[in-house]
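J.: Handing you a structure now.
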């Protein structure tokens, strides 16, 4: 009987408490605020591929040329992504200022973002492309487009020999990023094979196309090895994003290209004509594929839940 009486008193007590709260103006206790939606803090660094070259209209805006619609912008459209900064610049070298235009290097970009606090322990994903400019990709493409097989072979050999010095520098760059942003996954994108020698338009002699593709394969291997060294030796979380299989059948000279190419020259800042700077960069579709490749290797939902 005592237990039953106690149970009967609870509703009355609750009603009295509610009336008292209303009388003194306390009101109802608000519900707890909903937790913020999960997102991934993203920082982008690197050269023209990350700067968006090829995705849209070109504009000479030194020192840091960027183009809207690149793969970083595609990633930023994902509701899970909060893009902190895209600091990448067309023409950037790994650790030296590039000319013309005093283009900040990748390490300059890292330093600037560290000072501003935009690259920090809060960063969850760093995405970058770097290395092609350091091994002289533009010179190699020019020589192989205009020169003999022997000249092209020499240019590609010089480029691949530069990889011996580039690989440890890449590892150091990845580790430097990790030290500033220890929580971040670091997505290092490779470069697509630019030519389809078997069934493509003759942008350059077929034999030279094969040589350039060989050089790109060597560069990608160096990028992958540097990423593995940074991960295994320094505990950085570096993921190499290989795009070669994804771009198969969609080279610059294919029937369905995802790599931009135009033989039409464009005016340079000094008024002279120059090859289109967008040449041999992902076009709009190619940048969409780059974004998809990043998400395939570094799933965003997993980073958002951390």
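The values are calculated or read from the model by the stated rules, or taken from the named source; none is laboratory data. Worth saying up front: this structure is predicted, and the values here are computed from it rather than measured. All Cβ positions, glycine included, derive from the backbone under ideal geometry; neighbour counts span all protein chains shown.
J.: Could you list all residues from the stretch 105-122 that are within 29 Å of residue 216 (Cβ to Cβ) and touching a residue at least 40 places away in the same chain (Cβ under 8 Å)?
T.: 106, 107, 109, 110, 113, 119
J.: Now for a separate question. Suppose the filter is crowded, with 24+ Cβ neighbours inside 10 Å, in contact with a helix residue (DSSP H, G or I) (Cβ under 9 Å, 6 or more places away or on another chain) and either over 22 Å from residue 241 (Cα atoms) or modelled with pLDDT of 95 or more (or both); does residue 52 pass it?
T.: Criteria met by residue 52.
J.: What single numbered condition from (1) surrounded by fewer than 19 Cβ atoms within 10 Å (Cβ to Cβ); (2) touching a residue at least 60 places away in the same chain (Cβ under 8 Å) fails to hold for residue 262?
T.: Result: residue 262 fails condition (2) only.
J.: Six or more apart or on different chains, Cβ atoms under 6 Å: show the pairs whose first residue is in the stretch 39-53 and more than 19 Å from residue 108 (Cα to Cα) and whose second is at pLDDT 95 or above and assigned to a strand (DSSP E or B).
T.: 39/82; 40/81; 40/125; 41/82; 41/84
J.: Now for a different question. Given the residues 187, 226, which is the only one that is surrounded by 24 or more Cβ atoms within 10 Å (Cβ to Cβ), within 19 Å of the chain's Cα centre (by Cα) and part of a helix (DSSP H, G or I)?
T.: From the options 187, 226, the qualifying one is 226.
J.: Just checking, which of 301, 277, 282, 267 is in contact (Cβ under 8 Å) with a residue 40 or more places away in the chain and surrounded by fewer than 15 Cβ atoms within 10 Å (Cβ to Cβ)?
T.: 301
J.: Conditions: (1) over 26 Å from residue 300 (Cα atoms); (2) surrounded by 21 or more Cβ atoms within 10 Å (Cβ to Cβ); (3) out of contact with any strand residue (DSSP E or B) (no Cβ under 7 Å at 6 or more places or on another chain). Residue 199 meets all but one. Number of the miss?
T.: Checking residue 199 against (1) over 26 Å from residue 300 (Cα atoms); (2) surrounded by 21 or more Cβ atoms within 10 Å (Cβ to Cβ); (3) out of contact with any strand residue (DSSP E or B) (no Cβ under 7 Å at 6 or more places or on another chain), the one that fails is (2).
J.: Part of a helix (DSSP H, G or I) and either surrounded by fewer than 24 Cβ atoms within 10 Å (Cβ to Cβ) or in contact with a helix residue (DSSP H, G or I) (Cβ under 7 Å, 6 or more places away or on another chain) (or both): does that describe residue 193?
T.: Against the criterion (part of a helix (DSSP H, G or I) and either surrounded by fewer than 24 Cβ atoms within 10 Å (Cβ to Cβ) or in contact with a helix residue (DSSP H, G or I) (Cβ under 7 Å, 6 or more places away or on another chain) (or both)), residue 193 does not qualify.
J.: Out of the residues in the stretch 38-56 that are in a loop (DSSP other than H, G, I, E, B) and under 16 Å from residue 288 (Cα atoms), which is farthest from the chain's Cα centre (by Cα)?
T.: Taking the candidates together, the pick is 56.
J.: Same structure, new question: With respect to residue 234, determine if the residue is surrounded by fewer than 20 Cβ atoms within 10 Å (Cβ to Cβ), within 19 Å of residue 188 (Cα to Cα) and touching a strand residue (DSSP E or B) at 6+ places or on another chain (Cβ under 6 Å).
T.: The answer is no for residue 234.
J.: Something else: List the pairs whose first member sits in the stretch 154-177 and is outside any helix (DSSP H, G or I), whose second member is at pLDDT 95 or above and surrounded by 20 or more Cβ atoms within 10 Å (Cβ to Cβ), and whose Cβ atoms are under 8 Å apart, counting only residues at least 6 apart or on separate chains?
T.: Pairs found: 162/134; 162/135.
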